[in-house]
1. How many residues are in contact with a strand residue (DSSP E or B) (Cβ under 7 Å, 6 or more places away or on another chain) and either surrounded by fewer than 13 Cβ atoms within 10 Å (Cβ to Cβ) or closer than 16 Å to GLU6 by Cβ (or both) if we restrict to the stretch 59-71?
2. Check the stretch 24-45 and report whether any residue there is of a type in the set (Ser, Thr, Tyr), surrounded by 10 or more Cβ atoms within 10 Å (Cβ to Cβ) and under 13 Å from the mean Cα position of the chain (by Cα).
3. Please go through the stretch 1-33 and give me each residue that is at pLDDT 90 or above, touching a Leu at 6+ places or on another chain (Cβ under 9 Å) and outside any strand (DSSP E or B), ordered by number.
4. Return the residues of the stretch 34-55 that are closer than 13 Å to PHE5 by Cα and either part of a strand (DSSP E or B) or charged (D, E, K, R) (or both); say none if nothing qualifies.
5. If I go through the stretch 56-71 residue by residue, how many of them are among the aliphatic types (A, V, I, L, M) and outside any loop (DSSP other than H, G, I, E, B)?
Amino acid sequence: HKATFEVCLLKGSRGLGLSVTGGVDSGEQWPGLIRIKRLFPHQPAWQTGQLSQGDVLLAANGVPLVGLTNY
């Protein structure tokens with residue numbers, strides 16, 4: 001199991017199928033990190049089988065997500 005890995009998701013009619021938490025203004029243990037809060041069953045993020053609740057999202061579409069809010 002690799003510490004970092006890339007996942008390709010295709011947005012479905014209901015989105016990517018995940019919700020996030022964290023960010024610089026979250027007050028969480030590691031501020032500035034965006035984490036997966038929930039994966040929605042039978043949606044693209046869940047269907048990959050590669051993502052889990054609590055995983056850190058480092059980038060999306062080549063844009064770094066570290067140090068941002070989750071809005």
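1. Residues meeting the conditions: 2.
2. no
3. Matches in the stretch 1-33: THR4, VAL7, LEU9, LEU10, LEU16, GLY17, LEU33.
4. Hit for the stretch 34-55 is ASP55, nothing else.
5. So the count comes out to 5.
The values are calculated or read from the model by the stated rules, or taken from the named source; none is laboratory data. These numbers come from a predicted model, not from an experiment. Quick reminder, even Gly has a Cβ in these numbers, built from the backbone with ideal geometry, and neighbours come from all protein chains shown.
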